[in-house]
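The values are calculated or read from the model by the stated rules, or taken from the named source; none is laboratory data. Not measured: the values here are computed from a predicted model. Glycine gets a Cβ as well: all are built from the backbone with ideal geometry, and neighbour counts include every protein chain shown.
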Amino acid sequence: MARYTKEHKEATRRRIIETAARRFKKDGIDGSGIAILMGDAGLTNGAFYAHFDSKNDLVATVVGDEVSRQASEFAELPPGRAGLEAFISSYLSRAHREHREAGCPSAALLDEIGRCDKETKRAYTKGAKAILDEICVRLAPQDPDSARGTALALYSMMVGTMQLARALSDRKLSDAVLEEGIRSAHAMLAAA
């Protein structure tokens, strides 16, 4: 039996997480079985259990990783409202709508996360709080807690806007949903 280095095992685990993230966001958590996920990663089904206890373990890991990644990317945006405007433009874009596999885990998976186990919800909540904290700091740098309500409303509206835009078969209507979402987000910023 071949023994792999710790680095090899970690690289393989990372590959499973990254390929599972894309597949989950594209086809959903329930629509992605272990065989498909491992095939995407170029591995056998048997290799799965060397890295994860169960599919639920993988889901919690992927969800936590994805929202943490998103919060880190948000933190790299310009400070203040300029960063929020960049976030809004990128999030409510046609490119984000068309490429769910590369986008926000909330817009792609929120309905399924709501039906997941406690560990997945805990991982999602931790990342969502980090994103909300980034929004609060940009809205009110001197008193971020005072902006919590606006941050919640803004983020919720943006996620819902993207979900609705993706659900519509009428491309013009979907585009209008995105455009109105951008206008509404900017109105929230102006009022804050």
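Annotations for the structure displayed:
- Residues being of a type outside the set (Asp, Glu), in contact (Cβ under 8 Å) with a residue 24 or more places away in the chain and in a helix (DSSP H, G or I) - total across the range 119-141: 12
- Single condition Ser169 does not satisfy, out of (1) in a helix (DSSP H, G or I); (2) within 18 Å of His96 (Cα to Cα): (1)
- All conditions in (1) under 24 Å from Ser184 (Cβ atoms); (2) at pLDDT 95 or above; (3) out of contact with any Phe, Trp or Tyr (no Cβ under 8 Å at 6 or more places or on another chain); (4) surrounded by 15 or more Cβ atoms within 10 Å (Cβ to Cβ) hold for Thr120, with the sole exception of (1).
- Set Lys9, Lys26, Lys55: member being surrounded by fewer than 17 Cβ atoms within 10 Å (Cβ to Cβ), among the basic types (Lys, Arg), in contact (Cβ under 8 Å) with a residue 12 or more places away in the chain and closer than 15 Å to Pro105 by Cβ: Lys26
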